[in-house]
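Notes follow once the structure below has been shown.
The values are calculated or read from the model by the stated rules, or taken from the named source; none is laboratory data. Quick caveat, the model's predicted, so the values are computed rather than measured. In this analysis, Cβ positions are derived from the backbone assuming ideal geometry, glycine residues included, and neighbour counts consider all displayed protein chains.
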Amino acid sequence: MPIVDGKYKANNKEPRVPANEVPADIRSKNFEPVDTGYTTENAVEEANRCLDCKKPFCVQGCPVGINIPEFIRHIREEDMAAGLATVRESNMLPSVCGRVCPQENQCEGSCILNKTGDDPIAIGQLERFLGDMTPSIGKAPVCKPKNGKKVAVIGSGPSGIACAGELAREGFDVTVFEAFQTGGGVLTYGIPEFRLPKEIVKREIDGLKDLGVTFEYDAVAGRLYDADDFFGELGFDALYLAVGAGLPKFLNVPGENLPGVFCANEYLTRVNLMKANLFPEYDTPTKHGKNVVVFGGGNVAMDAARTALRLGADTVTLAYRRTEKEMPARIAELHHAKEEGVRILELVSPLEFLAGDDGFVQKVRLEKMELGEPDESGRRRPVRIPDSEFELDCDVAITAIGTNANPFASMAAPVNLNEWGYIETDEDGRTSNPRVWAGGDIVTGAATVILAMGAGKKAAASMTKALLDA
Ligand code: FAD
Ligand code: SF4
């Protein structure tokens, strides 16, 4: 620890300790983690850059208010167990959030060092460093004695996991009903292994089981069980709906139904959940394209493009109707994708997919766009350029242009929906149905892991109050 005149003096003028990344030409050929994480030496060195602010802006930027300077102080003092305990007070999934949260817009974006012209502290890397030590130094949280109340959580994504964990600690009897054969939601079926190893998600789910949470897989609420079952025969006192926003949007252009044209959800689910990259060792195959074109500019598009590269594509083109500057993807994801060889084709929009003699997609016809006036989102609207059509070879096309609300939500329990099909709630996640709470993407629309978790935590607090004060 840097000490001057007996006092801690931050090394904030030192550059940020860089991430330990596998070189692009090696990592683009396998599904191993791109970033291998900080060593203890790296973490302590980075922690020594923190000013330990009295008024920490980083905490204001964190959606769940982690005491960031405190956990960084513990790393500096090399008391990792205390650091991990501090993080876990506010965030049950530090290994996940440290890897996938958009820190540049949250804690790191708010770090005071941005204002002094220094590199912001690598808070995500430090959070992940501590989270990854859970198996060796983490302490299981203590649960209150059973309170006799039963809650069903529908969906095992980050929102459901956060809610279930909080409720279990409060002494509730919690069962998570999950449509898929395994838990984690998008953390398992959407975000690829090279960004978020599945063993980490499994470890977190196992941690919940240790707290007494029961998981029922292959259980589609709204089909297998409805509100009458949950509140009747199954004997639950309340429901938390966390079914996500997994219904893909489509381009609605001719040829979109051709074999070889996938939506990103299906493409990523085949590889991440069903292990299509290991076919025939696993049962589910997928098409390995030579020339792959991905439509979209968000994290999902980046994940699909980088997955296609790892499945052996010769060329992967990311076609986007605005410019790189307007892409909603995390800067790091775009940077990694480009480093690995994904080509960015700006200002284009697809018109039609064309089949070859074998009936499979062979080409896509596109038109060029230019940027016009800003739209409701504040981004400049893409406007078509007449007579600018051209064709691109493409034997696999993947659309990643967003998702809609999961329509099963209201089948599981009657609740008020807004005009786009998302569940209406108050700030604490209460729906129009007094026994039902909801949160995560099914309330906000597609958002982030940490916001989904924050909603789960808030709802758990509200349920605890409502059920125990009743
Ligand atoms: P989900 O994670 O979608 O989980 C919902 C769960 O409910 C699913 O497991 C589903 O199978 C289950 N379910 C649905 N219907 C039923 C039913 N009827 N009965 C039982 N179970 C049901 N966010 C970030 O912060 N950083 C990132 O880098 C990032 N990358 C992403 C990459 C991809 C490919 C995708 C798709 C999203 C990404 N996101 C990222 C967004 C983030 O993952 C979501 O905002 C978050 O997972 C939402 O959590 P959730 O719990 O609300 O829903
Ligand atoms: Fe450290 Fe930055 Fe937070 Fe200040 S704002 S405590 S420098 S991480």
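Some observations on this one:
- Segments classed as helices (runs of 4 or more DSSP H), wholly inside region 94-183, with at least 1 members that are closer than 24 Å to ASN299 by Cα, within 16 Å of ligand 2 (Cβ to nearest atom) and without any contact (Cβ under 8 Å) to a residue 12 or more places away in the chain: none
- Selection within region 300-328 - over 18 Å from ASP25 (Cα atoms), surrounded by fewer than 23 Cβ atoms within 10 Å (Cβ to Cβ) and not acidic (Asp, Glu): ARG322, THR323, LYS325, MET327, PRO328
- Meets criteria (out of contact with any Leu (no Cβ under 9 Å at 6 or more places or on another chain), more than 16 Å from ligand 1 (Cβ to nearest atom) and of a type in the set (Ser, Thr, Tyr)) for THR36: yes
- Matching residues in region 92-107 - criterion: being farther than 17 Å from ILE75 by Cα and crowded, with 24+ Cβ neighbours inside 10 Å: MET92, LEU93, VAL96, CYS97, ARG99, CYS101, GLN103, CYS107
- Residue in region 361-370 that is outside any strand (DSSP E or B) and of a type outside the set (A, V, I, L, M, F, W, C) present: no
- Members of region 249-267 that are more than 16 Å from ligand 1 (Cβ to nearest atom) and surrounded by 16 or more Cβ atoms within 10 Å (Cβ to Cβ): LEU251, VAL253, GLY255, GLU256, LEU258, GLY260, VAL261
- Filter result for GLU373 (modelled with pLDDT of 95 or more and not assigned by TED's automatic domain parsing to the domain that holds TYR240): no
- Selection from region 1-53 of residues that are out of contact with any Lys or Arg (no Cβ under 6 Å at 6 or more places or on another chain) and part of a helix (DSSP H, G or I): ALA24, ASP25, ILE26, ARG27, THR40, GLU41, ASN42, ALA43, VAL44, GLU45, GLU46
- Filter result for CYS107 (touching a Cys at 6+ places or on another chain (Cβ under 6 Å) and within 16 Å of ligand 1 (Cβ to nearest atom)): yes
- Those residues of region 48-87 which are small (Gly, Ala, Ser), more than 16 Å from ligand 1 (Cβ to nearest atom) and either touching a residue at least 40 places away in the same chain (Cβ under 8 Å) or crowded, with 21+ Cβ neighbours inside 10 Å (or both), in sequence order: ALA81, GLY83, ALA85
- Any chance PRO414 is exposed (fewer than 15 other Cβ atoms within 10 Å of the Cβ) and not assigned by TED's automatic domain parsing to the domain that holds LEU318: yes
- Candidates LYS13, LYS9 - the one that is free of Cβ contacts under 8 Å to residues at least 12 places away in the same chain and more than 17 Å from GLN125 (Cα to Cα): LYS9
- In this entry, GLU352 is excluded by the filter for residues that are outside any strand (DSSP E or B), under 29 Å from ARG379 (Cα atoms), touching a residue at least 60 places away in the same chain (Cβ under 8 Å) and among the charged types (D, E, K, R).
- Test: residue in region 334-356 that is surrounded by fewer than 20 Cβ atoms within 10 Å (Cβ to Cβ), of a type in the set (Phe, Trp, Tyr) and either farther than 30 Å from GLN103 by Cα or modelled with pLDDT under 95 (or both): no
- Within region 163-199, the set of residues being among the hydrophobic types (A, V, I, L, M, F, W, C) and away from ligand 1 (no atom under 14 Å from the Cβ) comprises LEU167, ALA168, PHE172, VAL174.
- Elements of type strands (runs of 3 or more DSSP E) in region 372-470, at least 2 residues being of a type in the set (Val, Ile, Thr): 396-399
- Within region 54-82, the set of residues being under 21 Å from the mean Cα position of the chain (by Cα) and in a loop (DSSP other than H, G, I, E, B) comprises CYS62, PRO63, VAL64, GLY65, ILE66.
- Taken over region 432-470, the criterion of being of a type in the set (A, V, I, L, M), farther than 27 Å from ALA329 by Cα and crowded, with 18+ Cβ neighbours inside 10 Å is satisfied by VAL436, ALA459, ALA460, MET463, LEU467.
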